[in-house]
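To keep things clear, I will list the structure first and then write my remarks on it.
The values are calculated or read from the model by the stated rules, or taken from the named source; none is laboratory data. This structure is a prediction, so every number in the text was calculated from the model and none was measured. Heads up, the Cβs are rebuilt from the backbone with ideal geometry, glycines too, and the neighbour counts pull from every protein chain shown.
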Amino acid sequence: MRTIEISELRRLTLARLRQGFSKEASERMAEVILFGEMSGRASHGIQRLLPGSYGPLDEEPGPDPMIERLSHNSARVDGRPGMLVASIACDLAIDLASESGMSAVTARGSRSTSGSLNYFVERMTEAGMVAVISANTLAFVTPHGGKGRLLGTNPLAMGVPSSGRPFIIDMATSASNVGEVMAAAAAGTTLSPGIAVDSSGNETRSPSDVLDGGALLPFGGHKGLGLAMMIELMNGVLAGAGAAPTGSSDGWGHVFVAMSLKAFGDPDELRQRAQEIIERFESAPTVDERPPRIPGRASLDRRDQALARGSVEVDDEAFDQLVSLVDGSSAS
């Protein structure tokens with residue numbers, strides 16, 4: 001690991017994205033990637049700028065994403081790559097909910113990651129929205145006892161504003177995610193037990209086995225599988241996107257739901273009520289007298305600490321590859 005100034009990492013990130021996208025699109029996506037790196041989720045950081053990472057530069061450049069207004073408070077964004085269409089859909093969901101109280105915006109057409117969903121949830125909560133975001137992805141998950149990839153890692157993220165920091169969760173419905181498997185393979189480390197199988201359906205801790213036709217398992221047994229299937233249905237049906245079991249070629253789907261606090265009462269009062277509930281959890285008694293771990297808080301803490309320092313720790317190999325990709329392009 002090495003420490004890099006955030007300003008330098010932003011410069012390199014933008015330079016790499018500009019190899020395939022406009023200045024505006026690159027600036028949108030750079031913020032998503034930097035959030036992933038600063039929040040400690042290296043699997044959603046600069047690794048996604050490297051070839052073969054299911055990142056934005058792994059997709060062929062296409063026309064600008066198209067927005068189709070479906071009703072007074074719903075719309076669809078069609079295009080690629082995932083980070084760009086997710087950013088546009090997020091902004092659109094906020095705008096529509098600001099006008100009508102609630103909104104639902106879907107996105108489809110991409111075959112690359114949208115990045116950390118909690119980045120978009122935080123943006124929505126900052127705008128005074130309760131947020132729900134789901135995404136279906138390439139098939140990489142099999143049910144317990146199964147073999148062969150049937151579902152995506154299908155993440156779900158939610159957030160509620162408060163008078164303090166928002167409460168945000170962002171989780172894959174699988175026991176791990178593709179980025180973490182790729183990161184483990186690159187680092188030469190093993191996976192945790194009980195989260196993956198090889199191509200024959202046998203449990204494995206080898207990331208190479210998983211990448212070579214294996215699969216991840218759902219978290220929480222049948223409960224995780226149920227959530228993954230629900231997200232597959234929501235995103236496949238509402239977004240009109242591809243659903244992993246069907247082999248459809250319509251790309252991956254996203255659903256962004258925004259609910260404005262103003263539609264449910266006085267926003268300040270609702271924020272305060274949310275804060276009181278959060279503080280009740282934070283002050284709950286524990287066996288070891290340590291504060292309870294609040295889901296989603298650690299990643300935002302790491303991001304805030306990185307911003308305060310003005311620097312972030314990055315993986316040596318990923319950073320060297322990024323520099324080589326940027327410098328090699330500049331030299332040519």
Unmet requirement for Lys147, which otherwise passes all of (1) under 14 Å from the mean Cα position of the chain (by Cα); (2) surrounded by fewer than 18 Cβ atoms within 10 Å (Cβ to Cβ): (1)
Residue count for region 193-216, restricted to those that are surrounded by 20 or more Cβ atoms within 10 Å (Cβ to Cβ) and either of a type in the set (Lys, Arg) or in a helix (DSSP H, G or I) (or both): 3
Unmet criterion (only one of (1) hydrophobic (A, V, I, L, M, F, W, C); (2) in contact with a strand residue (DSSP E or B) (Cβ under 9 Å, 6 or more places away or on another chain); (3) in a helix (DSSP H, G or I); (4) over 22 Å from Asn136 (Cα atoms)) for Ala298: (2)
Exclusive hit being over 21 Å from Asp170 (Cα atoms), touching a Phe, Trp or Tyr at 6+ places or on another chain (Cβ under 9 Å) and not hydrophobic (A, V, I, L, M, F, W, C), set Arg2, Arg16: Arg2
Extreme residue, nearest to the chain's Cα centre (by Cα), among residues of region 94-127 that are hydrophobic (A, V, I, L, M, F, W, C) and under 27 Å from Gly179 (Cα atoms): Leu117
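Residue by residue, here is whether (1) modelled with pLDDT of 95 or more; (2) assigned to a helix (DSSP H, G or I); (3) surrounded by 12 or more Cβ atoms within 10 Å (Cβ to Cβ); (4) of a type in the set (D, E, K, R) holds:
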{"residue": "Val237", "(1), (2), (3), (4)": "no, yes, yes, no"}
{"residue": "Gly265", "(1), (2), (3), (4)": "yes, no, no, no"}
{"residue": "Gln272", "(1), (2), (3), (4)": "yes, yes, yes, no"}
{"residue": "Phe281", "(1), (2), (3), (4)": "no, yes, yes, no"}
Matching entry among Asp95, Asp64 (being of a type in the set (Asp, Glu), outside any loop (DSSP other than H, G, I, E, B) and more than 30 Å from Asn202 (Cβ to Cβ)): Asp95
So Gly20, is it of a type outside the set (A, V, I, L, M, F, W, C), over 20 Å from Asp315 (Cβ atoms), assigned to a loop (DSSP other than H, G, I, E, B) and touching a Leu at 6+ places or on another chain (Cβ under 6 Å): yes
Every residue from region 292-309 that is surrounded by 11 or more Cβ atoms within 10 Å (Cβ to Cβ) and over 23 Å from the mean Cα position of the chain (by Cα): Pro292, Arg309
Test for Leu12: is it at pLDDT 95 or above, hydrophobic (A, V, I, L, M, F, W, C) and out of contact with any Ser or Thr (no Cβ under 9 Å at 6 or more places or on another chain): yes
Qualifying position, being under 21 Å from Glu317 (Cβ atoms), at pLDDT below 95 and crowded, with 19+ Cβ neighbours inside 10 Å, among Ser43, Ser39: Ser43
Region 39-71 - residue that is more than 14 Å from the chain's Cα centre (by Cα) and aliphatic (A, V, I, L, M) and, of those, farthest from Arg16 (Cα to Cα): Leu70
Residues being buried (at least 22 other Cβ atoms within 10 Å of the Cβ), part of a loop (DSSP other than H, G, I, E, B) and among the hydrophobic types (A, V, I, L, M, F, W, C) - total across region 117-144: 1
Subset of region 244-253 (residues that are assigned to a loop (DSSP other than H, G, I, E, B) and either surrounded by fewer than 21 Cβ atoms within 10 Å (Cβ to Cβ) or at pLDDT 90 or above (or both)): Gly247, Ser248, Ser249, Asp250
Some residue of region 217-228 being part of a loop (DSSP other than H, G, I, E, B) and either free of Cβ contacts under 8 Å to residues at least 40 places away in the same chain or surrounded by 21 or more Cβ atoms within 10 Å (Cβ to Cβ) (or both): yes
